[in-house]
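Here's the structure we're looking at; comments come further down.
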Amino acid sequence: MERDGDPEEQASCSKSPSLSESLDSQESDKDASTDQSEDEMDSTSANTARHMNVKLKGDAYCECYKKGLDKSCKCGEDDTYFEWRWDDGTKSAASFVKDDMREVMFHIDYSCGTAAVRGTLPLKNEQYYWEIKMTTPVYGTDMMVGVCTEHIDLNKCRHMFCSMIGQDSESWGLSYTGMRQHRSIKEQYSSKFGQGSIIGIHLDMWHGTLSFYKNRRPLGVAYTGLHGKILYPIVSSTAARSGMKVIRSCSFQTSLQFMCCQVLRKVIPNHLDVLKVINLPPGFKNFLENNVSWLLQPCPPHIPPRDKGLKRKPKKRTNDGSVQADDMAGPSNCKQMLLK
Ligand SMILES: [Zn+2]
């Protein structure tokens, strides 16, 4: 039986996992917490880790988690207005929503499968940006973020440990192992993330693209071709006592001005502040500063996982037509989102 929590906290589950999962779990059911940084752990290690119940504590947005201050950490949680929260009405079993409906706790006692919850707001035509903070250790078969259509059954994997988001054509997901998944096709996309990581998701329904951010650094476009769909934010987890919190959820209209800013962000090196590089009339500069500084601010370059002789993630274009663009930037502060 695969275990997705502290071994001492597991209770018997009603359904046996698949043979492969059983074999995986036989490798080890050790529950060793680690504090490895992004560069200390490659994707193979991460894949091994998820079957070893290794709790990933590296890659936090702040230092609180290293100092044992994870309970009191509020870093990055500056927003006070949220356009959507987790939907208590459609959530799967083993999901518990709290803290103003923004934090979801999965498998509060023990885990017997995969739990999932989706956001309250249907995402249709605008630009959407939200951030999920990993508030507990990240481990187990999978913990994922992404988007789904209304046709996904959030309870379908309740007795199964799996990478639920992206299993079929109704969802698009990113795993904590750094693999993205759609139609059960998994591809290396980013480095892993762990407790304290802030995962940003930018859904651009004008261009039909889905991009992710880790700790407010752009990771590039993960999926294209999402035009015309009605999507919902979704997260899933197989790990006992795991939690994820929405710390930002906002939207704004797509305008020519916004698209110009996107292009500027793309052509100007990431480490530079666009507003300082471009010479603009003071009034207009102030306007942009007050409205889209979150898009134009400097973003530290994304450092890809260190190559240790492993298969590298595909560059630029993949089988499903999605593209890699490590230099693409996106929203990181929605407070001034007043383009409407
Ligand atoms: Zn903190």
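No lab work stands behind these numbers, since they all come straight from the coordinates. Since the structure is predicted, the reported quantities are computational estimates derived from the model, not experimental observations. Neighbour counts are summed over all protein chains in view; Cβ atoms, including those assigned to glycine, are modelled from backbone coordinates with ideal geometry.
Couple of notes before you dig in:
- Here the relative contact order of segment 76-223, from alpha carbon pairs under 8 Å that lie six or more residues apart, stands at 20 percent.
- Taking packing as the residue-averaged number of other Cβ atoms within 10 angstrom, the listed peptides 260-268, 171-179, 91-99 run from highest to lowest as 171-179, 91-99, 260-268.
- Compactness relative to 2.2 N^0.38 Å, alpha carbon Rg of segment 64-253: 0.92
- HN-Hα J in Hz across segment 281-289 - Karplus 6.51, -1.76, 1.60, θ = phi - 60°, x for Gly and Pro: x, x, x, 5, 4, 4, 4, 5, 4
- Rounded, prolate or oblate (a/c below 1.5 giving rounded, otherwise prolate when a/b exceeds b/c) for segment 255-298 by Cα gyration tensor: oblate
- Distance violations [Cα-Cα > 29 Å] among LYS67/LYS266; LYS71/LYS266; LYS214/LYS276; LYS192/LYS276; LYS74/LYS229; LYS66/LYS91: LYS67/LYS266; LYS71/LYS266; LYS192/LYS276; LYS74/LYS229; LYS66/LYS91
- Amide H contacts of GLN195 (H built 1.01 Å from N, under 5 Å, at least 5 apart or other chain): LEU56, LYS57, GLY58, VAL138
- The amide H of GLY220, built 1.01 Å from its N in the peptide plane, has PHE212, MET328 as neighbours under 5 Å, considering only residues 5 or more places off or on other chains.
- The length gained on full extension between LYS74 and PHE284, counted as 0.36 nm times the residue separation minus their Cα-Cα distance, comes to 72.2 nm.
- Taking θ as phi - 60° and the Karplus parameters 6.51, -1.76 and 1.60, the scalar couplings of segment 214-228 work out to 10, 6, 6, 10, x, 9, x, 6, 9, 9, 10, x, 9, 4, x Hz in sequence order, x denoting glycine and proline.
- Here r is the Cβ-Cβ distance between LYS66 and LYS276 and R0 is 41 Å; the resulting FRET efficiency, rounded to 0.05, is 0.80.
- ³J(HN,Hα), Karplus 6.51/-1.76/1.60, whole Hz, each residue of segment 135-140, x for Gly, Pro: 8, 10, x, 10, 6, x
- Highest-first arrangement of 278-286, 72-80, where packing means the average Cβ count within 10 Å: 72-80, 278-286
- Built amide H within the under 5 Å cut-off of ASN215, gap 5+: ILE198, ILE199, GLY200
- Segment 175-192-segment 68-86 distance, computed between alpha-carbon centres (Å): 25 Å
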